[in-house]
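Visitor: Take a look at this one; I'll ask things after.
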Amino acid sequence: MKCKVLWLMFTLVVLSVAVQAQTLAHIERADSFLSAVLNNQYSTVEQLSHERLAKQLDSTKLVQILEQIYGAYGEFSSQWMVSAEKQKGFIEVIYNTHFKNDSCSFRIVMDEEGKVMGFWVNPVHKKLSFNPPPYADQSKFDEVQVTIGDENWPLPGTLSLPKGKGPHPVVILIHGSGPHDRDETVKKNKPFRDIAFGLATQGIAVLRYDKRTYVHADKLSGGITAREEVLDDVAAAVAFVHQSEEVDQNAIFLLGHSLGGMLAPVAAKENEEVAGIIMLAAPAHGFAETALRQIRYLKSLPDSLGGSSGPSVDAMIQTGEKIVEGTADKSTAFLGANAGYYYNLDEQQHLETARSLTIPIFIGHAENDYQVVDEDYELWKEALASNDDAKFKSYEGLFHLFIPSTGIPSPSDYEIEGNVSNTLISDLAEWIHKHGK
């Protein structure tokens, strides 16, 4: 078994670059340490440990710890980093880790030199509080548990199905980058659940599913492309709803957020059943260029707003510049992926593909978003100027998750507990019903 940490661009920029620069190197060491622990690679564990921990943790004790972990939680499935913080001379990195039977949290604490002082395994309390958005009426729809994909890549999901006479228009949700669950959960927020609840309340079915990088991280190689990460599973989702009698076969829509929005035109081009696409906070620039702009922006912020600077960030910027120029080797590491990943995304030609579509397109932009900015929005408007069925809407006071925020856009926006804007939900429902006829 090999454990892989698939925390790609948006996840990394929000949770990693936003901490002090030296923390970035600590995160890489924490990744290596956790992988070594879970794979029983004692020599690596010992090498990365502080001498005090190494004295307490010999190879026999590591085996005992692993027996307890796998005995309690089952076979490893996936993991991702949720936070990295510097506290009183120590760096604390926390991961959520999924196993076959349950989930747990790994907390790794290192000194300033990056030596692991200790690690702790704790259960993840799954039943976190979630406040349904005020515009959701759960008496108007059912939540049906489904599985999409083939036997090699099964993905559990949920079909929010309106009650009453069908068939209903349906929207398939496409995640942003990183290993997301079906709700696209980020800290205390579940934007995809908000969207599903909001649209289903207004008579629109919504299919959301756990992402392949979330469910099958242990089976994916380091050379993942847009096809393995997104496109194949969107095709599987389209095939699933295309077989449903409760779904209007002439009203199948895609809604992509962030990376999902960027690739929605490509998915629509490949699936002729799609009647229209919705692109929320979709990058128009290349993905590496988008990531590079984010890093530079975070570098400009004060520490109090999650700013980050120093040699590690400067080195990251230099690497990003080479990838944007196309001069980096495909194996060059950048924000948890390799350069080949970014090159492959550029090969999808999202702007050109969107321009070639003749179906209705809705472009939604969040004005408090530092990750996908006004310039991206204007590029989409320019690219789709000849499409009479393209609708553009910019939303004041919303950040990347389309949840209200105030002040200077920064990673602290993700600490806000809220719901996706009711105005956006209403606009989407009206647009879908209009074009689903």
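Visitor: Taking the criterion of being at pLDDT below 80, under 23 Å from ASP181 (Cα atoms) and in a strand (DSSP E or B), would at least one residue in the stretch 56-76 satisfy it?
Guide: no
Visitor: Given the conditions (1) at pLDDT 95 or above; (2) assigned to a loop (DSSP other than H, G, I, E, B); (3) not hydrophobic (A, V, I, L, M, F, W, C), report the number of the one that SER129 does not fulfil.
Guide: (1)
Visitor: Right, here's the next one. Can you run down the residue pairs with Cβ atoms below 6 Å, 6 or more apart or on separate chains, where the first is in the stretch 236-258 and not assigned by TED's automatic domain parsing to the domain that holds ARG193 and the partner is among the charged types (D, E, K, R)?
Guide: That search, which allows pairs on different chains as well, returns nothing.
Visitor: Can you name every residue in the stretch 26-48 that is basic (Lys, Arg) and either modelled with pLDDT of 90 or more or surrounded by 21 or more Cβ atoms within 10 Å (Cβ to Cβ) (or both)?
Guide: Selection gives nothing.
Matching residues to (1) out of contact with any helix residue (DSSP H, G or I) (no Cβ under 9 Å at 6 or more places or on another chain); (2) farther than 30 Å from PHE197 by Cβ; (3) outside any strand (DSSP E or B):
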site	(1), (2), (3)
SER331	no, yes, yes
TYR341	no, yes, yes
ASP346	no, yes, yes
ILE363	no, no, no
ASN368	no, no, yes
GLN371	no, no, yes
ASP376	no, no, yes
SER386	no, yes, yes
ILE408	no, yes, yes
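Visitor: May I pose another question? Test MET262 against the stated conditions and say whether it is touching a Gly at 6+ places or on another chain (Cβ under 6 Å), of a type in the set (A, V, I, L, M, F, W, C) and either over 30 Å from GLY164 (Cα atoms) or assigned to a strand (DSSP E or B) (or both).
Guide: No.
Visitor: Of the residues that make up the stretch 295-310, is at least one modelled with pLDDT under 90, within 22 Å of GLU28 (Cα to Cα), in contact with a Lys or Arg (Cβ under 8 Å, 6 or more places away or on another chain) and part of a helix (DSSP H, G or I)?
Guide: The answer is no, given that none of the residues of the stretch 295-310 is modelled with pLDDT under 90, within 22 Å of GLU28 (Cα to Cα), in contact with a Lys or Arg (Cβ under 8 Å, 6 or more places away or on another chain) and part of a helix (DSSP H, G or I).
Visitor: Moving to a separate point now. Is there a residue being among the hydroxyl-bearing types (Ser, Thr, Tyr) and surrounded by fewer than 24 Cβ atoms within 10 Å (Cβ to Cβ) anywhere in the stretch 284-293?
Guide: no
Visitor: Can you tell me which condition ALA282 does not meet? The list is (1) assigned to a loop (DSSP other than H, G, I, E, B); (2) under 21 Å from ARG193 (Cα atoms); (3) over 22 Å from the mean Cα position of the chain (by Cα), and all the others hold.
Guide: (3)
Visitor: Just a yes or no: is a residue in the stretch 269-276 surrounded by fewer than 24 Cβ atoms within 10 Å (Cβ to Cβ), in a helix (DSSP H, G or I) and acidic (Asp, Glu)?
Guide: Checked the stretch 269-276: at least one residue is surrounded by fewer than 24 Cβ atoms within 10 Å (Cβ to Cβ), in a helix (DSSP H, G or I) and acidic (Asp, Glu).
Visitor: For the stretch 383-403, give me each residue that is under 23 Å from the mean Cα position of the chain (by Cα) and either hydroxyl-bearing (Ser, Thr, Tyr) or surrounded by 19 or more Cβ atoms within 10 Å (Cβ to Cβ) (or both).
Guide: Result: SER394, TYR395, LEU398, PHE399, HIS400, LEU401, PHE402, ILE403.
Visitor: Can I ask one more? With respect to the numbered conditions (1) in the same structural domain as GLY256 (by TED's automatic domain parsing); (2) of a type outside the set (S, T, N, Q); (3) buried (at least 20 other Cβ atoms within 10 Å of the Cβ), which one is the sole condition not fulfilled by PHE119?
Guide: Evaluating PHE119 over (1) in the same structural domain as GLY256 (by TED's automatic domain parsing); (2) of a type outside the set (S, T, N, Q); (3) buried (at least 20 other Cβ atoms within 10 Å of the Cβ) leaves (1) as the failure.
Conditions (1) in contact with a helix residue (DSSP H, G or I) (Cβ under 9 Å, 6 or more places away or on another chain); (2) assigned by TED's automatic domain parsing to the domain that holds ILE174; (3) loosely packed, with under 13 Cβ neighbours inside 10 Å, marked per residue:
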{"site": "HIS50", "(1), (2), (3)": "no, no, no"}
{"site": "TRP80", "(1), (2), (3)": "yes, no, no"}
{"site": "LYS100", "(1), (2), (3)": "yes, no, yes"}
{"site": "PHE130", "(1), (2), (3)": "yes, no, no"}
{"site": "TRP153", "(1), (2), (3)": "yes, yes, no"}
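Visitor: So, in the stretch 158-205, of the ones that are surrounded by 24 or more Cβ atoms within 10 Å (Cβ to Cβ) and hydroxyl-bearing (Ser, Thr, Tyr), which residue ends up farthest from the chain's Cα centre (by Cα)?
Guide: Among residues in the stretch 158-205 that are surrounded by 24 or more Cβ atoms within 10 Å (Cβ to Cβ) and hydroxyl-bearing (Ser, Thr, Tyr), the one farthest from the chain's Cα centre (by Cα) is SER160.
Visitor: Filter the stretch 348-361 down to residues that are part of a loop (DSSP other than H, G, I, E, B) and either among the charged types (D, E, K, R) or more than 16 Å from PRO283 (Cβ to Cβ) (or both) and give me whichever is farthest from the chain's Cα centre (by Cα).
Guide: Result: THR358.
Visitor: Checking ASN344 against (1) touching a residue at least 40 places away in the same chain (Cβ under 8 Å); (2) over 25 Å from GLU228 (Cα atoms): exactly one of these is not met. Which one?
Guide: Status for ASN344: all satisfied but (2).
The values are calculated or read from the model by the stated rules, or taken from the named source; none is laboratory data. Please read these numbers as outputs of a predicted model, since none were measured by experiment. Glycine gets a Cβ as well: all are built from the backbone with ideal geometry, and neighbour counts include every protein chain shown.
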